[in-house]
Amino acid sequence: MGAPAQAASHGGMKKIIIGTEGAYPPFNNLESDGSLVGFDIDIAKALCDEMKVECEFVTQDWDGIIPALLAGKFDAIIASMSITEERKEKVDFTDKYYNTGPAIAVPKDSKITDATDAGLAGKVIGAQSSTTHSNFAEAKFPSAELKLYPTPDEYKLDIASGRVDAVIDDVIVLSDWLKTEDGQNCCKLLAALTPDPVINGEGAGIAIRKGETELRDMFNTAIAAIRENGTYKTINDKYFDVDVYGD
């Protein structure tokens, strides 16, 4: 590909192309009318406004989102991507823009009472592939069987139909799903889990190609600005009753 899109001029305005998944509500989700909604999307738009740049969104399957960034399909990933040492080998990250922990949900009539390796021994746990949550389950629940899915939509269908015994994901993602009709009919939150900093990282950040320090610095300045001027809180409170920025 040619020059990165963020270097392109569009009507005299700098333009940044942002990659997101579009299948991770309430953080990012592609609606039936083709619109993108969610916390990630609103934060991205606020950052673009703060940086006075035009932003365009591109949806990309999660498993291929880092390769697509490296191939120049977009300039930054804003998709609830946890900042981990493993990912830092491939991409650079901004400062975090939120930090929430993992949790486990089980069917309403589940006999599972303990979110430990012993409590989940012999059970099948569903998780989205290539995530910190699937890595957490593999490391912390070795006595369980881990079943991986391309998006949360698939594991939700499987737990509702009894094909898995439990699912692991972000506590906000699971809690939001459990408020929906499908979630309420199906399942309950078993437990919020204590994050492992090595596995779960230091929060969700914006991923960019290595060496693009100007773009990273622009995003970091904008993150600090929307935290300071109240824009972040307005967006946070639209979606959540807790401050997801974390400590």
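The values are calculated or read from the model by the stated rules, or taken from the named source; none is laboratory data. Source: prediction; values computed, not measured. Cβ placement follows ideal geometry from the backbone for every residue including glycine, while neighbour counts extend to all protein chains displayed. Each accessible area value is taken on the protein alone, full model and side chains, heavy atoms only, with ligands, DNA and RNA left out. Shrake-Rupley method; radii C 1.70, N 1.55, O 1.52, S 1.80 Å.
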Would you pull out the residues with amide H under 5 Å of residue 16's amide H, same chain only if 5 or more places away, H placed 1.01 Å from N?
-> 54, 55, 56
For residue 129 the rounded accessible area (nearest 10 Å², probe 1.4 Å, non-protein molecules ignored) is 20
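Report for the chain the percent antiparallel among DSSP-assigned beta bridges with both residues inside it, nearest 5. Intermediate values should be presented prior to the final figure.
Numbers: 23 of 38 bridges.
Beta bridges within the chain, antiparallel portion: roughly 60 percent.
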Stick to the Cα atoms of the range 137-247, pair each with every other, and give me the Kirkwood hydrodynamic radius in Å at one decimal.
-> 17.0
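For residue 73 and residue 224, what is the calculated FRET efficiency with R₀ set at 41 Å and r taken between the beta-carbons, to the nearest 0.05?
On the way: r = 28 Å, r/R0 = 0.68.
In this case the efficiency is close to 0.90.
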Cα-only radius of gyration and Dmax that characterise the chain, units Å = 18.3, 61
For the range 230-243, 3J(HN,Hα) per residue [Karplus equation, 6.51 cos²θ - 1.76 cosθ + 1.60, θ = phi - 60°, Hz, x = Gly/Pro] = x, 4, 4, 4, 4, 5, 3, 6, 5, 10, 10, 9, 10, 7
Theoretical FRET efficiency, 1/(1+(r/R0)^6), r = Cβ-Cβ of residue 118 and residue 160, R0 25 Å, to 0.05 = 0.45
Take the solvent-accessible surface of the protein heavy atoms, probe 1.4 Å, and return the percent of it on the chain that carbon and sulfur atoms account for.
-> 49
Could you pull the accessible area for residue 143 with a 1.4 Å probe, rounded to 10 Å²?
-> 60
Would you kindly state how much longer the chain becomes between residue 37 and residue 143 on full extension, computed as 0.36 nm times their sequence separation minus their alpha carbon distance, in nm to one decimal?
-> 34.4 nm
DSSP beta bridges in the range 63-187, what fraction antiparallel, as a percent rounded to 5?
-> 40
Could you run the Karplus curve 6.51 cos²θ - 1.76 cosθ + 1.60 with θ = phi - 60° over the range 209-220 and give me ³J(HN,Hα) per residue in whole Hz, x for Gly and Pro?
-> 5, 4, x, 8, 5, 5, 5, 4, 5, 4, 5, 4
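Mind checking the per residue accessible area of the chain for me, 1.4 Å probe, whole number of Å²?
Working: 11430 Å² over 247 residues.
About 46 Å² of surface per residue is accessible.
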Taking the Cα centre of the chain as origin, sum charge times position over the Cβ atoms of Lys and Arg (+1) and Asp and Glu (-1), and report the length of that vector in debye to the nearest 20.
-> 160
Computed over the Cα atoms of the range 9-110, what is the convex hull's projected area averaged over all directions, in nm²?
-> 8.7
Report the label-to-label distance for residue 188 and residue 245 in nanometres (one decimal), using points 7 Å from each Cα along the Cα→Cβ vector.
-> 3.5
